[in-house]
Structure formats: structure tokens, C-alpha cells
Amino acid sequence: MGWRTFSHHRWLLLSGILVLLAAGLVQELVLDGGLSPLPLEEGREISPSGGGFALVLDLFLGFLVWPLAYTGYQYLALRAVRGEIASLRDMLAPFRHPLSVLGAYWLTVIVMIIGLLLLVIPGIAWGLKFMFAPLAAADKKRSAVEAMGESGALTAGRRWALLGLGVVLISPYLVLGAVTYLALVRELLHWGVWLLITYGVEVALRPWLTASFAAAYHDLDRTHQELVSRLLNSET
């Protein structure tokens, strides 16, 4: 269903990811010293321009704005999956409930990190359990804790299937990261070139992967609602 959604809404999803990448490129140019395809001059280091203010702004964008922005992209894909009239304005939906979406996002990250530090398996299991929490917060206007509970209910009994989805979602980036890390370590590739390659991979893969993620959420949510409806009908 993710590929079908991408095929039917490719220009909308491509437009959305280009908006995110353009914003990211501006951040790199303004805060991180710019891009250059050439090696750095000897003795020159990459550092954010603008000193402390740039660092604070960089952290603000990374910890607050980008989680909301990417959840907005997921919500855009969800609207397309549902066959609703979707537009780029849908990407602003998480910004209308920022505390809930950010709370769900960072609580999920914290829980997953704790699980990984204790034992790897709990971290993976908890990550899968709460993977839809930010999207649920934006979609259903839930609080952070309610969204995590919603995600837990949606994913109950389906963790193995979602593990396969998770592998599909992250494997291209693991391969890209490993290859480019080796290239950067051996000074075969400048970080600016690596950034442009990464952006190219994002344009090629992210719309389809996000549509697949949104389709999985939609299918699980629909199944869960049908189950709840049957249970309520059986009680009455």
C-alpha cells in the first residue's frame, strides 16, 4: 500500500521532502559553515558560524523543530494513504500540538535508549511498541502519554511484522552510513559531498518509506478500531 500511495501521490510527497531538505540545506549553509565539494584547507575545522547563538539555534532546530517537521511529513503521507485531500499545509499539523508530539517523540527515544542500555532486545521491542506515538499524537490529538498507549495498542501482537518494516526503513541508511563513514575516514569524500549524496538518497527513498510507514499505521489503526467496535457491540 505504501508503494501504491507513493505512485498516486508522488509529486505531493516529493514536494514535502524537498521542503524539508531545503530547510535542512539552509541550516547547513547558515549555521554549519556552508558546503564545499573541495577538501578543507589544512588546519581548518568545521564549526557552526555565529558562535553560541548559532549553536543554540542549531540545538533548537534539532531537538524541537525537526521532530515536529518530520512528523508533519508522516501526517501528510497518512492523509494521502487515507485518500483524503492532502496538501503541504498538512505538514503543519504537529505544530498545532507541539507539546504532545514532542513529548511522544522524546519519551519514545528515552525509553528506547534505556532499553538498549539495559539489554538490546528490550530497546528494540520498546522502540517498535512506541514507533507510532508521535504520529498518533498529531493524528488523534492525544497527549504524549495517551499517544504512547495508542501506539502500544496498535502494535500489540504485531511486533515481528513491524520489525521487518523497521529493517526495511533503516537498512538503506545503515548501508549509506557505513560506506560514507569509510570514505570520510579515508578522506576520499568531503563532508559536503556526503551531505549532497545523503540528500539525493532522501529524495529517492524517503517519500516511499514514509508512505509505507503511514500505510502501516493506517492499517493497524483501522484493524484496532474494528476490534474495539466488535467488542463494544458484543457487550451490548
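Only one residue in L57, L163 is surrounded by 15 or more Cβ atoms within 10 Å (Cβ to Cβ) and of a type outside the set (S, T, N, Q). Which one?
Just a single option satisfies the conditions, and that option is L57.
Output the number of residues of segment 140-159 satisfying the condition of being under 13 Å from P94 (Cβ atoms) and either among the hydrophobic types (A, V, I, L, M, F, W, C) or at pLDDT 95 or above (or both).
Counting residues in segment 140-159 that are under 13 Å from P94 (Cβ atoms) and either among the hydrophobic types (A, V, I, L, M, F, W, C) or at pLDDT 95 or above (or both) gives 2.
Restricting attention to segment 75-105, report how many residues are within 17 Å of A22 (Cα to Cα) and either in contact (Cβ under 8 Å) with a residue 40 or more places away in the chain or crowded, with 18+ Cβ neighbours inside 10 Å (or both).
2
Would you be able to tell me the number of residues in segment 199-214 that are buried (at least 16 other Cβ atoms within 10 Å of the Cβ) and without any contact (Cβ under 8 Å) to a residue 24 or more places away in the chain?
Qualifying residue count, segment 199-214: 0.
For L189, only one of the following conditions fails: (1) assigned to a helix (DSSP H, G or I); (2) modelled with pLDDT under 80. What is its number?
Here L189 clears every test but (1).
Looking only at segment 153-161, decide whether some residue is out of contact with any Pro (no Cβ under 6 Å at 6 or more places or on another chain), under 22 Å from Y73 (Cα atoms), without any contact (Cβ under 8 Å) to a residue 60 or more places away in the chain and polar (S, T, N, Q).
The answer is no; no qualifying residue exists.
The values are calculated or read from the model by the stated rules, or taken from the named source; none is laboratory data. Quick caveat, the model's predicted, so the values are computed rather than measured. A quick note on method: Cβ atoms are made from the backbone with ideal geometry, for glycine too, and the neighbour counts reach across all protein chains shown.
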